[in-house]
1. Are there GluC sites (Glu not before Pro) in segment 1-65 that DSSP marks as loop and that have at most 14 other Cβ atoms within 10 Å, and which are they?
2. Can you compute the charge dipole magnitude of the chain about its Cα centre, using +1 on each Lys and Arg Cβ and -1 on each Asp and Glu Cβ, nothing else charged? Give it in debye, rounded to the nearest 20.
3. Whole Å is fine, so just give me how far the alpha carbon centre of segment 56-87 lies from that of segment 91-140.
4. Where nothing but the Cβ of Lys and Arg (+1) and of Asp and Glu (-1) is charged, how large is the charge dipole of segment 50-157 around its Cα centre, in debye to the nearest 20?
5. Once Lys and Arg get +1 and Asp and Glu get -1 on their Cβ, which of Thr78, Val137, Ala159 lies farthest toward the positive end of the dipole of the chain?
6. Let me check the size of segment 107-216 from its C-alpha atoms; what are the radius of gyration and Dmax in Å?
7. Only loop residues by DSSP count here, and only those with at most 14 other Cβ atoms within 10 Å; note down the chymotrypsin sites (Phe, Trp or Tyr not before Pro) in segment 81-160 that meet that.
8. What whole-number value in cubic angstrom gives the convex hull volume per residue for the C-alpha atoms of segment 102-172?
Amino acid sequence: MGKKNLIVNQMLERKENFADFINGTVYGGSQVLRADMLESQSCHNGVIYEENGVRRALERDADIRMRADMGTYSLIWTNETQSRVHYAMPVRVMLQDALEYVKQVQDLEKKHKESGEELREDEFLSGIQKGDRILPVITTVLYCGTEWDGSKSLQEMFAIDRQDESLKILERYLPEYRIHVVDVSQIEDMQVFKSCLQHIFSMIKYNTDKKNCMST
């Protein structure tokens, strides 16, 4: 992790700053999320799987992960901070989010086992009950470099010819996974941030703009 990423992540670890980040980037500056609605979560997720008789671990670490109690519902906010473009970011984020969903399902399964609840035949297959629900995960990618030129969705990474007529039949079957890139260099109104992030992002954008001017 670069120095810039470390500084930004240390800022975002503070709940009031993370709430300000979400309010500024997702809610357009409206003060929807508060620090007291957030609960820090482990940034580490992983699963154990077996391949050719060998047990292996698939693990991923997020930069920031918070659980938010929004009143009538809860969700998981996750952020990845990048100072350079990651050209496989849609796949990376998709895998990371999937591991969070797997963890939630495993936690439900564990709860049922520990409580001694009997599952119906169909429920036994998954280990969870029909009425069980998991929390949605929203991941932002905070980009602190020059303008993001990478893919912002899984389909943008596919090696397909959009002009091929036969592909139109398959369009509704093609999977999609979009990522939400917050490109600091493209933020026009820094006033949407009410915390120190306003100054931090302004400095990052100024330095980025300055480098762009010097390179032209």
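1. Numbers: sites: Glu13, Glu16, Glu39, Glu50, Glu51, Glu59; in loops: Glu13.
Counting only loop positions with at most 14 other Cβ atoms within 10 Å, the GluC sites (Glu not before Pro) in segment 1-65 are Glu13.
2. Computed about the Cα centre, the dipole is about 700 debye.
3. Going from one Cα centre to the other spans 17 Å.
4. Working: 15 positive and 21 negative charges, 38 e Å.
Result for segment 50-157 is approximately 180 debye, rounded to the nearest 20.
5. Toward the positive end, the furthest listed residue is Thr78.
6. Expressed in Å, the Cα Rg and Dmax of segment 107-216 come to 23.0, 68.
7. On the way: sites: Tyr87, Tyr101, Phe124, Tyr143, Trp148, Phe158; in loops: Tyr87, Trp148, Phe158.
Those satisfying the criteria are Tyr87, Phe158.
8. Numbers: hull volume 11.9 nm³, N = 71.
Given the Cα convex hull of segment 102-172, per-residue volume reads 168 Å³.
Read the figures in this text as sums done on the coordinates, not as results from a lab. These figures come from a predicted structure and were not determined experimentally. Backbone-built Cβ (ideal geometry, glycine too); neighbour counts: all protein chains shown.
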